Amino acid sequence: MSDAIVVLGGISATADVAGWWPELVGPGRVLDTTRHRVIGFDYETRAEPITTADQARALAAHLDSLGIARVGAIVGSSYGGMVALAFAAAFPARIERAVVISAADVSHPMTTALRSIQRRIVRLGLETGTGREALAIARGLAMTTYRTSEEFEDRFSPIPAGTPPRWDVEEYLESRGAEWTTRTTPERFLALSLSLDLHTVDPASIRVPTTLVAVKEDRLVPYDQVRALYRKLPLRAGFHTISSKFGHDAFLKEPVALGAILRASFAREAA
């Protein structure tokens, strides 16, 4: 197995893989940087629509610039999982295996519906000169889709405080939205959000051993959709299910469960 491993996250992830996945990437971690060349990648954006196939080609060019002809694996979560599937379909000779977490071959219609509302909010903000405020609102709305009702019930009080009334969940969503505007722009969000919904890959074209991980509570990439994709794959390397109150964000919040899956997947490859 090649010692190069590409790690890709959601649309908020950066090339600093250890920065956003510290429990899984680093010396002595499952993705051990003393044993593997772990490669991150900053997603490209532009004015016109960009697809996951475009990101796959950009990743291939990035690997070319590093002098890497073939990687041992791409581990992709959320949008990164979509890009991993697109890369495996387009460049099967350049990847030994794919491990895909919370991603499928196409966006679910309900997920597209939720994201399309977020994009309308941001476009309206840009049209009225309040792009960053609109981006913060859209991010707050997105947070309600990343997590589960169970987590919010455990975490937040249903009783407001103060006059006018303020809920702690309201303050949480506003803070997450404000923080998001310090890390991205409305234009970049629109490009990557649209890319999520433009994503489509023919499962029959993914001719590399592929492991899929589904989260039972994931609202954005439903378990049944991931399971259906797995049945269509030509080279099935493993299907894993985890349960998490964090829903789609389980790929960020469940390092123990994911670490065990990754460890088993790489051990099987080395055997």
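Say whether the condition of being without any contact (Cβ under 8 Å) to a residue 24 or more places away in the chain and among the small types (Gly, Ala, Ser) is met by at least one residue in the stretch 229-248.
No, there is no match, as no residue in the stretch 229-248 is without any contact (Cβ under 8 Å) to a residue 24 or more places away in the chain and among the small types (Gly, Ala, Ser).
Of all residues being β-branched (Val, Ile, Thr) and modelled with pLDDT under 95 in the stretch 34-75, which is surrounded by the most Cβ atoms within 10 Å (Cβ to Cβ)? Just the residue, please.
My answer is THR45.
Condition check ((1) surrounded by 15 or more Cβ atoms within 10 Å (Cβ to Cβ); (2) over 21 Å from PHE251 (Cβ atoms); (3) among the hydroxyl-bearing types (Ser, Thr, Tyr)) across all residues:
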site: SER2; (1), (2), (3): yes, yes, yes
site: ILE5; (1), (2), (3): yes, no, no
site: SER12; (1), (2), (3): yes, no, yes
site: TRP20; (1), (2), (3): yes, no, no
site: GLU23; (1), (2), (3): yes, no, no
site: PRO27; (1), (2), (3): no, yes, no
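Restricting the search to the stretch 105-147, which residues are free of Cβ contacts under 8 Å to residues at least 24 places away in the same chain and among the hydroxyl-bearing types (Ser, Thr, Tyr)?
Within the stretch 105-147, THR128, THR130 meet the criteria.
From LEU85, LEU141, grab the single residue that is open to solvent by 40 Å² or more (accessible area, probe 1.4 Å), among the hydrophobic types (A, V, I, L, M, F, W, C) and under 22 Å from the mean Cα position of the chain (by Cα).
LEU141
Find all pairs meeting these conditions: Cβ atoms under 7 angstrom apart; at least six residues apart or on different chains; first residue within the stretch 49-77 and under 18 Å from VAL100 (Cα atoms) and without any contact (Cβ under 8 Å) to a residue 12 or more places away in the chain; second residue of a type in the set (A, V, I, L, M) and open to solvent by 60 Å² or more (accessible area, probe 1.4 Å).
Short answer, once both residue conditions are applied: none.
Looking at the stretch 148-200, which of its residues are closer than 23 Å to GLU254 by Cβ, polar (S, T, N, Q) and touching a residue at least 60 places away in the same chain (Cβ under 8 Å)?
Residue satisfying the conditions is THR148 alone.
Show me the helices (runs of 4 or more DSSP H) found entirely inside the stretch 73-175 where at least 3 residues are of a type in the set (A, V, I, L, M).
Output list reads 79-90, 109-127, 131-146.
Checking SER193 against (1) out of contact with any strand residue (DSSP E or B) (no Cβ under 9 Å at 6 or more places or on another chain); (2) open to solvent by 20 Å² or more (accessible area, probe 1.4 Å); (3) of a type outside the set (Lys, Arg): exactly one of these is not met. Which one?
Going through the list (1) out of contact with any strand residue (DSSP E or B) (no Cβ under 9 Å at 6 or more places or on another chain); (2) open to solvent by 20 Å² or more (accessible area, probe 1.4 Å); (3) of a type outside the set (Lys, Arg), SER193 breaks only (2).
Test each condition in (1) of a type in the set (D, E, K, R); (2) open to solvent by less than 30 Å² (accessible area, probe 1.4 Å); (3) modelled with pLDDT under 95 for ASP105 and report the one that comes out false.
ASP105 satisfies every listed condition except (3).
Which of the residues belonging to the stretch 241-260 are more than 15 Å from GLU151 (Cα to Cα) and open to solvent by less than 10 Å² (accessible area, probe 1.4 Å)?
Across the stretch 241-260, the qualifying residues are LEU258, GLY259.
The values are calculated or read from the model by the stated rules, or taken from the named source; none is laboratory data. All figures in this text were calculated on a predicted structure; none of them were measured in a lab. Heads up, the Cβs are rebuilt from the backbone with ideal geometry, glycines too, and the neighbour counts pull from every protein chain shown. What goes into the accessible areas is simple: the full protein's heavy atoms, side chains included, and nothing from ligands, DNA or RNA. Shrake-Rupley method; radii C 1.70, N 1.55, O 1.52, S 1.80 Å.
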